[in-house]
Amino acid sequence: MHHFHYSGHNLTCESVDLATIAKLYGTPTYVYSAATMADNFHRLQRNLSGLDLQICYAMKANSNLAVLRHFANLGAGFDLVSGGELRRVLAAGAHVKTSVFAGVGKTEAEIKLALENEIYAFHVESEPELARINHVAGQLGVKAPIAIRINPDVDAHTHAKITTGKSDNKFGIPLKHAAAAYEAASKLKNLRLRGVQMHIGSQLTDVAPFVEAVKKVTSFVAELKATYGIEYFSIGGGMGIVYRDALASGPAAWWDAQPADKRPLTPETYGAALTPLLAPLGLKILLEHGRFMVGNAGVLLARVEHLKRGAGKNFLIVDAAMNDLVRPAMYESFHEIVPLHRDTSRRSLVADIVGPICESGDCFAKDRSIQEVGEGELLAFMSAGAYGYVMASRYNTRGMAAEVMVNGSAFELINARETFEQMTAGEKIPAFLK
């Protein structure tokens with residue numbers, strides 16, 4: 001559920017007319033709903049309330065400092081995957097003592113930075129990484145807390161580019177080799193075995209793969225607790241969001257009206273299925289959701305440049321592009337696209353909705369039906385809060401979009417639009433070319 005809806009004819013975020021934001025800050029601009037993020041966080045908490053739970057927001061989904069501060073204020077730790085992300089947490093005025101450091105290629109400098117800031121645990125992806133962390137911890141004279149990431153070889157039935165729990169993915173250590181990896185880790189004097197971790201993929205819309213993975217590893221997790229005294233089990237993240245009918249899915253009534261076999265995966269379903277499996281372990285349970293926390297909490301605002309009528313094909317050209325929101329070009333992803341001003345008296349238009357970049361791949365939607373709109377009118381790309389701004393680029397020397405956060409009737413610019421001078425500030429022409 002989210003807090004984007006039409007008030008009369010105008011699309012609003014919480015109590016703010018989105019057209020007002022577009023007029024003040026221009027387009028393309030990302031807009032985030034603080035209330036939606038808080039609702040998502042609290043729904044996870046409520047529906048796994050029978051567990052000793054720590055939510056570690058997977059900040060790769062959206063790492064704006066204001067978003068991080070908001071989740072820290074709610075009580076979240078963070079799931080981070082780089083030294084830069086760790087520094088972002090600190091810059092947001094939070095700490096990493098309840099956070100975990102994941103990723104297959106942690107550098108010695110990143111490991112050192114995490115240890116110096118008292119990271120809760122490293123999620124280790126390979127045996128060579130165990131040796132590296134042990135070495136860096138030895139140099140600092142500390143014990144590094146670690147959990148080994150288990151690859152349970154479970155098919156998440158999601159997009160091939162975001163599945164992580166199959167044996168042919170680069171992530172984690174196969175379950176059949178995990179016992180040997182823990183035994184080896186226990187012999188390294190600068191490591192502390194704190195937990196165990198898994199994560200099977202992203203944008204899962206069915207609870208069954210989560211249940212399968214947890215059932216597959218719980219007996220091994222219990223053995224680790226008995227043998228090494230581990231204190232937590234991280235089951236990762238990956239709960240999907242609604243992309244189709246995203247605007248309709250805001251009110252709770254929409255969710256409740258769906259047939260049981262068609263209803264989107266919710267924290268209620270997720271918690272009801274997993275709590276009985278996890279509670280008997282008697283361990284702290286970590287969740288590392290990202291997309292679920294912020295995906296439906298954000299939209300990308302864009303302005304119509306032209307309607308180009310071709311031979312048998314219409315093209316609605318907007319000022320946002322694949323550099324601003326790459327998911328459709330990269331993953332063939334669907335985003336609902338709606339007008340900021342809804343006028344039911346207008347005819348419907350079928351068009352490809354495209355950006356201005358010189359790539360055929362700069363296409364957000366093909367043969368999409370939308371209310372007829374003209375030059376200067378405004379659109380919203382729904383469900384753009386996750387993997388939107390964080391995956392953006394400066395391709396075609398297009399500056400990074402602005403970002404705004406809404407809280408009730410208040411809103412504030414949380415990241416100004418990038419200028420040409422900022423884009424080129426680090427560049428120079430060498431002396432031999434002058």
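Every number in this text was worked out from the coordinates using simple rules, so none of it is lab data. These numbers come from a predicted model, not from an experiment. Please note: Cβ atoms are built from the backbone with ideal geometry, for glycine as well, and neighbour counts cover all protein chains shown.
Who wins for biggest fluctuation among 361, 271, 312 in a Gaussian network model of the chain, springs between alpha carbons below 10 Å?
It is 312.
Using modelled amide H (1.01 Å from N, peptide plane; none on Pro or chain starts), what sits under 5 Å from the amide H of residue 6, excluding residues fewer than 5 places away?
12
If you build a Gaussian network model of the chain, linking Cα atoms that sit under 10 Å apart, which residue out of 36, 344, 27 swings the most?
Answer for the Gaussian network model of the chain: 344.
Relative to the longest principal axis of the C-alpha atoms of the chain, give the angle of the C-alpha long axis of helix 127-140, reported between 0 and 90° and rounded to the nearest 10°.
On a 0 to 90 degree scale, this one is about 80.
For the stretch 302-366, report the translational diffusion coefficient in µm²/s to the nearest whole number, using Stokes-Einstein at 10 °C, 1.306 mPa s, and a Kirkwood Rh over Cα pairs. Before the final figure, lay out each step's value.
Working: Rh = 12.5 Å.
Calculated translational D: 127 µm²/s.
May I ask for the angle, rounded to the nearest 10°, between helix 65-74 and the longest principal axis of the chain, with both axes built from Cα atoms and the value confined to 0 to 90°?
For 65-74 against the chain, the angle is about 60 degrees.
Can you spot the aspartates and glutamates whose alpha carbon is less than 16 Å from residue 23's alpha carbon? Ignore those fewer than 8 places along the same chain.
Qualifying aspartates and glutamates at Cα under 16 Å: 305, 319, 375, 377, 403, 412.
Could you run the Karplus curve 6.51 cos²θ - 1.76 cosθ + 1.60 with θ = phi - 60° over the stretch 212-225 and give me ³J(HN,Hα) per residue in whole Hz, x for Gly and Pro?
After applying 6.51 cos²θ - 1.76 cosθ + 1.60, I find 4, 5, 4, 4, 5, 10, 4, 5, 5, 4, 4, 5, 5, 4 Hz.
What are the trypsin sites (Lys or Arg not before Pro) within the stretch 288-335 that DSSP puts in a loop, where the Cβ has at most 16 other Cβ atoms within 10 Å?
On the way: sites: 291, 303, 308, 309, 313; in loops: 313.
Those that pass, being in a loop and sparsely packed, are 313.
In nm, to one decimal, how far is the modelled label at residue 367 from the one at residue 227, with both set 7 Å along Cα→Cβ?
Taking the simple label geometry, residue 367 and residue 227 are separated by 5.6 nm.
Each label point is 7 Å from the Cα along the Cα-to-Cβ direction; what then is the distance between the points at residue 186 and residue 268, in nm?
Each label point lies 7 Å from its Cα, and together they span 4.4 nm.
Can you compute the charge dipole magnitude of the chain about its Cα centre, using +1 on each Lys and Arg Cβ and -1 on each Asp and Glu Cβ, nothing else charged? Give it in debye, rounded to the nearest 20.
On the way: 44 positive and 44 negative charges, 137 e Å.
Charge dipole, the chain, about its Cα centre: 660 debye, nearest 20.
If you add up the charges near residue 217, with Lys and Arg at +1 and Asp and Glu at -1, over every other residue whose beta carbon is less than 14 angstrom from its beta carbon, what do you get?
Details: positive: 149, 176, 215, 216, 225; negative: 153, 212, 223.
Here the charged neighbours net out to +2.
How much length would be gained if the chain were fully extended between residue 279 and residue 74, taking 0.36 nm per residue of separation minus their Cα-Cα distance, in nm to one decimal? Present the calculation step by step, with values, prior to reporting the outcome.
Working: separation 205, 0.36 × 205 = 73.80 nm, distance 2.35 nm.
Gain on extension, residue 279 to residue 74, equals 71.5 nm.
Quick check: the angle from helix 267-278's long axis to the longest principal axis of the chain, C-alpha only, nearest 10 degrees?
In the chain, helix 267-278 runs at an angle near 10 degrees to the longest axis.
Apply 1/(1 + (r/R0)^6) to the Cβ-Cβ distance of residue 142 and residue 360, taking R0 = 41 Å, and write down the FRET efficiency to the nearest 0.05.
The computed FRET efficiency comes out at 0.20.
Let me check the size of the chain from its C-alpha atoms; what are the radius of gyration and Dmax in Å?
Gyration radius and largest Cα-Cα distance of the chain: 23.0, 73 Å.
Could you list, in their original order, any pairs among 143/225; 60/143; 106/216; 97/284; 176/284 whose Cα atoms are separated by more than 22 Å? All intermediate terms of the calculation are to be shown ahead of the outcome.
Details: 143/225 19 Å; 60/143 27 Å; 106/216 28 Å; 97/284 15 Å; 176/284 24 Å.
Cα-Cα > 22 Å for 60/143; 106/216; 176/284; rest within.
Please give the calculated 222 nm ellipticity per residue for the chain, where each DSSP H segment of at least 4 residues contributes -39500 (n - 2.57) and the sum is spread over every residue; nearest 500 deg cm²/dmol? Mind dumping the intermediate values first?
Working: 13 runs with 129 residues, N = 434.
The per-residue figure over the chain is -8500 deg cm²/dmol.
Treating the beta-carbon of each Lys and Arg as +1 and of each Asp and Glu as -1, no other charges, what is the dipole magnitude of the stretch 296-424 about its Cα centre, to the nearest 20 debye? Write down the numbers at each step before the final one.
Details: 13 positive and 17 negative charges, 68 e Å.
Charge dipole of the stretch 296-424: 320 debye, to the nearest 20.
Toward the positive end of the charge dipole of the stretch 296-424, about the Cα centre and with charges on Cβ (Lys, Arg +1; Asp, Glu -1), which of 386, 355, 413 goes farthest?
Going by the charge dipole, the pick is 355.
Determine the gain in length on full extension of the stretch residue 23-residue 314; use 0.36 nm per residue of separation and subtract their C-alpha separation, reporting nm with one decimal.
Values: separation 291, 0.36 × 291 = 104.76 nm, distance 2.69 nm.
Working it through step by step, the gained length comes to 102.1 nm.
Within the chain, what is the longest stretch that has no GluC sites (Glu not before Pro) placed in a DSSP loop and near at most 11 other beta-carbon atoms within 10 Å? Please list the in-between numbers first.
On the way: sites that count: 332, 375, 427.
Here the longest run is 1-331.
Cut-off 18 Å, label point 7 angstrom out along Cα-to-Cβ of residue 393: give me the residues of the stretch 350-371 whose amide nitrogen falls inside.
Only 355-364 pass the distance filter.
Only four residue types carry charge here, +1 at the Cβ of Lys and Arg and -1 at the Cβ of Asp and Glu. Report the dipole size of the stretch 34-291 about the Cα centre in Debye, rounded to the nearest 20.
400
Pick out which of 151, 407, 396 has the largest mean-square fluctuation in a Gaussian network model of the chain, springs linking Cα atoms closer than 10 Å.
Result: 396 has the largest fluctuation of those listed.
Along the positive direction of the dipole of the stretch 34-291 (beta-carbon charges: Lys, Arg +1; Asp, Glu -1; about the Cα centre), which of 131, 230, 57 reaches farthest?
Of the candidates, 131 comes out farthest on the positive side.
For the stretch 90-98, in order, what is each residue's ³J(HN,Hα) by Karplus, 6.51 cos²θ - 1.76 cosθ + 1.60 with θ = phi - 60°, in whole Hz (x at glycine and Pro)?
Using θ = phi - 60°, the values come out as 5, 5, 7, x, 10, 10, 10, 6, 10 Hz.
If one computes the Cα centroid of the stretch 198-225 and of the stretch 7-61, what distance in Å separates the two points?
About 28 Å separates the Cα centre of the stretch 198-225 from the one of the stretch 7-61.
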